[in-house]
Amino acid sequence: PLRARRLLLSRLFQPRNLQAGGEAAADGEPACRSQRLMLQAGLIHPSSPGCFHYLPPAVRAMEKLVKVVDEEMREVAGQKLSMPSLSPAELWRASGRWERMGTELFRLSDRHGKSYCLGPTHEEVVTELVAAQSTLTHKHLPLRLYQVSRKFRDEPKPRFGLLRSREFYMKDMYTFDASEEGARHTYDEVCGAYCSLLDRLGLPFVKVQAATGNIGGSMSHEFQLPADIGEDRLVLCPEGHFAANVETLNGEQTSCPTCGGKLTQTRGIEVGHTFYLGTKYSSVSSAVFYSPENKPLLAEMGCYGLGITRILAASIEVLSTEDSIRWPSLIAPYQLCFIPPKRGSKEEEGAALLERVYDDVAEALPHLAGDSVLDDRTQLTIGKRLKDASKLGYPFVVIAGKRVCEDPPVFEVWNQNSGEVLFLSREGVIELLSKVQVP
């Protein structure tokens, strides 16, 4: 039964093209590192401009990321729901965004001629939902509702794979508070959760002042991963006193408003965006709650977005080498790759020993049972399979190499993220892997 549960690399649907140069995307546009590596590794496959198939390993990584997001959202009392992708045009007309969003909205009509859009975001829809609750009182607030769903945006020029696509996954949270003070406290708490998430993933990020754009509101911040291919230009104080997207500045600001130090410029990939909305949407839909004096008052709102698929691509963009994926360990599709000896080699008897270690790890560390892959392509050399494992980015690779025939057998363990190579007994392998975390 254990053997039947082994994940064999040859059986995984991950159509790899690890030899491909992939200097250009399918549409002839130059590909960025993450797009090239994700295509080569069989994580994504193009469907139409700006739309991709997410293949099984990418879905595994995404599901792990969503679990970590859920943990952080629970810490700030987030409640998860799911709202329709089809959004009635009248809600968007009432807020003024049906016209203002222009061609960015995917618009369609049903058989009765009723107009809809495919939601790029859900401020109107969630506010209408809350407004429909006629018995909402101050005792129910703060209310923090979020979802993880597909979003749609008619990008004029989709590029860089999942970094700028037409269909993508986003975590969007909408909050309702009884006062401006409460809403600003919520804002700080959710921003703190975003910082915690990105810290847990080990991603180098900066929180910068940002423009409110089509969403609106009076305060906004972006969470940016510095990267050369980033589409946003950022200015940063070297001492950490000030950080902003240049689109928020009046003219060319060169010195920090706090310490006077010279600001440095960099580019960034936006992975999160937060907005303090006030009553911009609650006033349109009459989303009210009843005060202790039983007086109807407009809820103070905030909205908070995290690009789920964008975080996947951006983390590969900033952590990887030119030819090898490096994942945040927590969300790697698979944590472990086991490489047995080449068929016909003098170490071939070590294959059974390695398979036993695979089974022992699954038994001793059940949380890793579904996270271990056995590279059963034993017609290939260990070196060739190790090179592939490095490109695919498994955090740990366990090899039955030359020392597997010693008594007791010694296994080679590569920690891909640190570059460290250890030689360990069966017990040593299990002890090392017991420290590995999965969501």
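When both residues are 6+ apart or on different chains and their Cβ atoms are under 6 Å apart, which pairs have a first residue that lies in the range 110-130 and is without any contact (Cβ under 8 Å) to a residue 60 or more places away in the chain and outside the structural domain of TRP98 (by the TED database), and a second that is open to solvent by 10 Å² or more (accessible area, probe 1.4 Å) and of a type in the set (Ser, Thr, Tyr)? That search, which allows pairs on different chains as well, returns nothing. Residues considered: GLU189, GLU231. Of these, the only one that is touching a Phe, Trp or Tyr at 6+ places or on another chain (Cβ under 9 Å), open to solvent by 30 Å² or more (accessible area, probe 1.4 Å) and in the same structural domain as LEU143 (by the TED database) is GLU231. When the range 390-428 is filtered for residues that are of a type in the set (D, E, K, R), within 17 Å of LEU365 (Cα to Cα) and in contact with a Pro (Cβ under 8 Å, 6 or more places away or on another chain), only ARG426 remains.
Taking only pairs six or more apart or across chains, which ones have beta-carbon atoms under 9 Å, a first residue in the range 253-264 that is assigned by the TED database to the domain that holds GLY240 and closer than 18 Å to ARG233 by Cα, and a second residue that is basic (Lys, Arg) and open to solvent by 80 Å² or more (accessible area, probe 1.4 Å)? That search, which allows pairs on different chains as well, returns THR254/LYS262; SER255/LYS262; CYS256/LYS262. Applying a threshold of 9 Å to beta carbon distances and a minimum spacing of six or more residues, or different chains, the list of pairs starting in the range 418-437 at a residue that is in contact (Cβ under 8 Å) with a residue 24 or more places away in the chain and ending at one that is in a loop (DSSP other than H, G, I, E, B) and loosely packed, with under 15 Cβ neighbours inside 10 Å reads ARG426/PRO408.
Name the residue, out of LYS114, LYS64, LYS139, that is closer than 26 Å to ILE269 by Cβ and either modelled with pLDDT of 95 or more or touching a strand residue (DSSP E or B) at 6+ places or on another chain (Cβ under 9 Å) (or both). So that I can check it myself, show each step before the final result.
Values: LYS114 fails: closer than 26 Å to ILE269 by Cβ; LYS139 fails: closer than 26 Å to ILE269 by Cβ.
Step by step, each of LYS114, LYS64, LYS139 is checked, and only LYS64 is closer than 26 Å to ILE269 by Cβ and either modelled with pLDDT of 95 or more or touching a strand residue (DSSP E or B) at 6+ places or on another chain (Cβ under 9 Å) (or both).
For the range 308-344: of the residues being of a type in the set (Gly, Ala, Ser) and under 27 Å from PHE223 (Cα atoms), which is surrounded by the most Cβ atoms within 10 Å (Cβ to Cβ)? Outline the logic, then answer.
Quick first cut of the range 308-344, residues of a type in the set (Gly, Ala, Ser) only: 313-315, 320, 324, 329, 332, 344.
Next, only the ones that are under 27 Å from PHE223 (Cα atoms) stay: 313-315, 320, 324, 329, 332.
Details: ALA313: 28, ALA314: 26, SER315: 25, SER320: 19, SER324: 17, SER329: 18, ALA332: 25.
Here the answer is ALA313.
Taking the stated definitions as given, is GLU293 farther than 20 Å from SER218 by Cβ, at pLDDT 95 or above and of a type in the set (Asp, Glu)? Answer is yes for this residue. Restricting the search to the range 234-248, which residues are exposed (fewer than 15 other Cβ atoms within 10 Å of the Cβ) and more than 21 Å from ARG164 (Cα to Cα)? Passing the criteria: PRO238, GLU239, GLY240, HIS241. Flag set for LEU201, criterion: open to solvent by less than 40 Å² (accessible area, probe 1.4 Å), at pLDDT 95 or above, farther than 26 Å from PRO84 by Cα and touching a Pro at 6+ places or on another chain (Cβ under 9 Å).
Within the range 150-185, the set of residues being surrounded by fewer than 17 Cβ atoms within 10 Å (Cβ to Cβ) and within 16 Å of the chain's Cα centre (by Cα) comprises ARG150 only.
When CYS256 is tested against (1) open to solvent by less than 10 Å² (accessible area, probe 1.4 Å); (2) modelled with pLDDT of 95 or more, only condition (2) is not met. Number of residues in the range 218-228 that are of a type in the set (Asp, Glu) and open to solvent by 20 Å² or more (accessible area, probe 1.4 Å): the value is 1.
The values are calculated or read from the model by the stated rules, or taken from the named source; none is laboratory data. This is a predicted model, so every value here is computed, not measured. Backbone-built Cβ (ideal geometry, glycine too); neighbour counts: all protein chains shown. Heads up: the accessible areas ignore ligands, DNA and RNA and are worked out on the full protein's heavy atoms, side chains in. Shrake-Rupley method; radii C 1.70, N 1.55, O 1.52, S 1.80 Å.
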